[in-house]
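Chemist: If you scroll down you'll find the structure; I have some questions about it.
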Amino acid sequence: MDSKALNKRRQALIAALKDSSEAVRAAAAHSLECLEGLGSREEILDLLKKGNRSSKIKAIYALGKLGGEKAIPPLLYCISRPEEDIKSAAIEVLGNLANPSTLMPLVDKLKEPNSAIRAKAIAALANFRDPSLVPILLPFLDAGDGLLDAEAARTLGLIGNLQLEERLISLMQSPHAATREAAASALGRLALS
């Protein structure tokens with residue numbers, strides 16, 4: 001978003017702070033707070049390059065809010081970083097953007113040694129709703145760890161492949177509550193598919 005458009009939004013929200021409705025004033029205040037985190041793309045990229053770790057993570061989420069094709073290259077760079085918190089945030093944001101060009105780089109993150117990063121990548125892939133992901137994600141249903149199997153169940157439920165019904169029903173017997181909850185949710189979504 002360019003600075004002119006951002007400024008136009010800010011002005012409208014500042015005016016809404018004087019609205020007679022308390023709900024409108026609260027919504028305007030919240031939106032202004034969100035916009036304050038958004039600077040120009042150049043400012044965000046500079047923060048991503050030179051900021052401390054928490055600033056870099058904030059910049060990653062700001063890039064996600066700005067979106068667009070120009071956000072993709074720095075986010076792809078961030079998923080290759082060794083810092084797990086930076087990598088994790090970038091995976092989440094790329095998943096939210098669900099740009100087709102990022103599908104395969106996110107699939108590659110399923111090979112990460114850290115199971116939390118793999119789980120984050122599985123969750124990110126849910127936003128693509130791509131049936132070609134089913135065979136890639138199926139092995140994660142057998143993880144039996146309450147993390148990877150749960151994320152795989154959630155993601156596969158969103159993809160909505162009815163052939164997964166029996167696999168998801170079997171996860172209802174998992175010793176992990178998170179897996180059972182994810183399987184139950186996924187089974188409800190399959191009926192809608």
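Chemist: Enumerate the pairs (first residue in region 103-117 and closer than 11 Å to ILE91 by Cβ; second residue anywhere and surrounded by fewer than 18 Cβ atoms within 10 Å (Cβ to Cβ) and of a type in the set (A, V, I, L, M)) with beta-carbon separation below 6 Å, excluding pairs fewer than 6 apart on the same chain, so at least 6 apart or on different chains.
Modeler: Listed pairs, sorted by first residue: PRO105/LEU76.
Chemist: Right, here's the next one. Restricting attention to region 158-174, which residues are assigned to a loop (DSSP other than H, G, I, E, B) and touching a residue at least 12 places away in the same chain (Cβ under 8 Å)? Show your work before the answer.
Modeler: First pass over region 158-174, keeping only residues assigned to a loop (DSSP other than H, G, I, E, B): 160-161, 172-174.
Those that are assigned to a loop (DSSP other than H, G, I, E, B) and touching a residue at least 12 places away in the same chain (Cβ under 8 Å): GLY160, ASN161, MET172, SER174.
Chemist: Can you pull out the residues in region 128-149 that are within 16 Å of LEU106 (Cβ to Cβ), surrounded by 18 or more Cβ atoms within 10 Å (Cβ to Cβ) and of a type outside the set (Phe, Trp, Tyr)?
Modeler: LEU133, LEU137, LEU148
Chemist: Can you tell me which residue within region 56-114, out of those that are small (Gly, Ala, Ser) and surrounded by 17 or more Cβ atoms within 10 Å (Cβ to Cβ), is nearest to the chain's Cα centre (by Cα)?
Modeler: Checking each candidate, the answer is GLY95.
Chemist: Six or more apart or on different chains, Cβ atoms under 7 Å: show the pairs whose first residue is in region 180-191 and surrounded by 19 or more Cβ atoms within 10 Å (Cβ to Cβ) and whose second is basic (Lys, Arg).
Modeler: Here the result reads ALA182/ARG154; ALA186/ARG154, each pair linking region 180-191 to a residue that is basic (Lys, Arg).
Chemist: Only one of these conditions is not met by ALA152: (1) among the small types (Gly, Ala, Ser); (2) within 25 Å of ARG189 (Cβ to Cβ); (3) touching a residue at least 24 places away in the same chain (Cβ under 8 Å); (4) surrounded by fewer than 20 Cβ atoms within 10 Å (Cβ to Cβ). Which number is it?
Modeler: Of everything listed in (1) among the small types (Gly, Ala, Ser); (2) within 25 Å of ARG189 (Cβ to Cβ); (3) touching a residue at least 24 places away in the same chain (Cβ under 8 Å); (4) surrounded by fewer than 20 Cβ atoms within 10 Å (Cβ to Cβ), ALA152 misses just condition (4).
Bear in mind these aren't lab numbers, they're just calculated from the coordinates by the rules spelled out. Keep in mind it's a predicted model, so treat the numbers as computed, not measured. In this analysis, Cβ positions are derived from the backbone assuming ideal geometry, glycine residues included, and neighbour counts consider all displayed protein chains.
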